[in-house]
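Trainee: Structure incoming, see below.
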């Protein structure tokens, strides 16, 4: 039997046979894609731990006998943003009450605790959101970078047509193939980045909601406990 002819299609061969500009575009897109997958894997682990430990801390908080007991046990949840916010509020509460200012708690000292909670929440959310904007940047720019490679490849194809006077597929086929590979790689980099960005934004908003709810509950506990002292 006569062996089937090789169709000659190879992504690797297309990449290395491409024009230098197209190669740079492809390598840039691959680099962005690799960076995005690194961020995705890292953030998936970080956000998952943050949610799980925050839920465990909140449950322990409501079961605890006192705020002192919660503070002593808070080190069990090092990845919990809610636990870190609680520690910031507890430390500020201790600072305000250490000077015998219990009776002034209703006169505005709770605003200091509220600011401490807010600062800690901002720090924790900033940590969770770190590197996430790169996913959005990749999702919005990668298709256009790939499109640039596509346009450049098509321009090269027209240049060959003008130089040779031939518009055969053998003349323009390779450059068009390089151009289409650039578009495909751009989309492959952008689609996972956009999906991951939306996913992590949703999860982080959920964590932010838990922090807000806990901060309000903590302030209410403080106000009830120290009112009238």
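The values are calculated or read from the model by the stated rules, or taken from the named source; none is laboratory data. Just so it is clear, the structure is predicted and the values come from calculations on it, not from any experiment. Neighbour counts are summed over all protein chains in view; Cβ atoms, including those assigned to glycine, are modelled from backbone coordinates with ideal geometry.
Trainee: For the range 77-100: of the residues being modelled with pLDDT under 90 and surrounded by fewer than 21 Cβ atoms within 10 Å (Cβ to Cβ), which is farthest from residue 46 (Cα to Cα)?
Mentor: Selected residue: 100.
Trainee: Working carefully through the options 116, 163, find the one that is farther than 25 Å from residue 29 by Cα, at pLDDT below 95 and surrounded by 16 or more Cβ atoms within 10 Å (Cβ to Cβ). Before you say what the answer is, go through the steps one by one.
Mentor: Numbers: 163 fails: surrounded by 16 or more Cβ atoms within 10 Å (Cβ to Cβ).
Testing whether each residue is farther than 25 Å from residue 29 by Cα, at pLDDT below 95 and surrounded by 16 or more Cβ atoms within 10 Å (Cβ to Cβ) leaves just 116.
Trainee: Of the conditions (1) under 16 Å from residue 43 (Cα atoms); (2) surrounded by fewer than 19 Cβ atoms within 10 Å (Cβ to Cβ), residue 124 fails just one. Which one is it?
Mentor: (2)
Trainee: What are the residues in the range 146-157 that are more than 11 Å from residue 178 (Cβ to Cβ) and crowded, with 21+ Cβ neighbours inside 10 Å, if any?
Mentor: 146
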